[in-house]
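The values are calculated or read from the model by the stated rules, or taken from the named source; none is laboratory data. Predicted, not measured: the structure shown is a model, and the values here were computed from it. Cβ coordinates were reconstructed from backbone atoms using ideal geometry, including for glycine residues, and neighbour counts include every protein chain displayed. Heads up: the accessible areas ignore ligands, DNA and RNA and are worked out on the full protein's heavy atoms, side chains in. Shrake-Rupley method; radii C 1.70, N 1.55, O 1.52, S 1.80 Å.
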Amino acid sequence: MQHIPQLADQAQFSGLPDLAQQYLRDCSKVLIFTGNGQVLFSKACQASMAELQSLQSLFGAREDALRTGILLDNKRYEVHRHHPEGPDPLVYGRTMIGDTESSEGAAVHMLSSHQAQSSIFSVVTYEMPNISARIVSQLVQFVHTAFPQR
């Protein structure tokens, strides 16, 4: 499995760790990356290049997203919400292993750009008692705060 390089020296993204702590503190994993596969921030996540490509493809056809699921750190999350359009494109779901109380959720937000390579993808995972209704809202707030110029 090929891991992608971490970008440590980009000043324009230096505030991401603090903002992630502020807005996404209840998330188990956080991954922010660009459309060309550059990691801007990562917390407890070691995604492969293949997983980054798969995460980007979630915003295509709904049937493909449902079939593929959200893949992150060798774990599959079944997609149950697919909203690729609008000002805040989102895809999210949960693991379907074990009982509901031990399941884990995942959400992916795409901040679009006219150039696909400039799009920014924000991915989070979360465990119970956190649910998508709360975490997805926090994810959207994080993106709007972290990238206000887009």
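Within the range 9-19, is there a residue that is touching a residue at least 12 places away in the same chain (Cβ under 8 Å), in a strand (DSSP E or B) and among the hydrophobic types (A, V, I, L, M, F, W, C)?
no
What are the residue pairs meeting all of these: first residue in the range 117-128, first residue farther than 20 Å from residue 28 by Cβ, second residue part of a loop (DSSP other than H, G, I, E, B) and open to solvent by 10 Å² or more (accessible area, probe 1.4 Å), Cβ atoms under 6 Å, and 6 or more apart or on different chains?
117/35; 117/36; 119/35; 119/112; 119/113
Open to solvent by less than 10 Å² (accessible area, probe 1.4 Å) and within 28 Å of residue 15 (Cβ to Cβ): does that describe residue 120?
When the stated conditions are applied, residue 120 passes them.
Let's see how each residue does on (1) polar (S, T, N, Q); (2) out of contact with any strand residue (DSSP E or B) (no Cβ under 8 Å at 6 or more places or on another chain):
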site	(1), (2)
58	no, no
64	no, yes
79	no, no
87	no, yes
119	yes, no
122	yes, no
138	yes, yes
145	yes, yes
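For the range 23-42, give me each residue that is open to solvent by 10 Å² or more (accessible area, probe 1.4 Å) and closer than 15 Å to residue 124 by Cβ.
23, 25, 26, 28, 29, 40, 41, 42
Hey, could you check the range 1-22 for residues that are open to solvent by less than 50 Å² (accessible area, probe 1.4 Å), under 23 Å from residue 144 (Cβ atoms) and not small (Gly, Ala, Ser) and say which is modelled with the lowest pLDDT?
Checking each candidate, the answer is 7.
Pull up the range 86-105, narrow it to residues that are over 18 Å from residue 130 (Cα atoms) and modelled with pLDDT under 90, then point me to the one that is most open to solvent (accessible area, probe 1.4 Å).
Result: 87.
Say we look at the range 43-77 and pick out the residues that are assigned to a helix (DSSP H, G or I) and open to solvent by less than 40 Å² (accessible area, probe 1.4 Å); which of these is farthest from residue 89 (Cα to Cα)?
51
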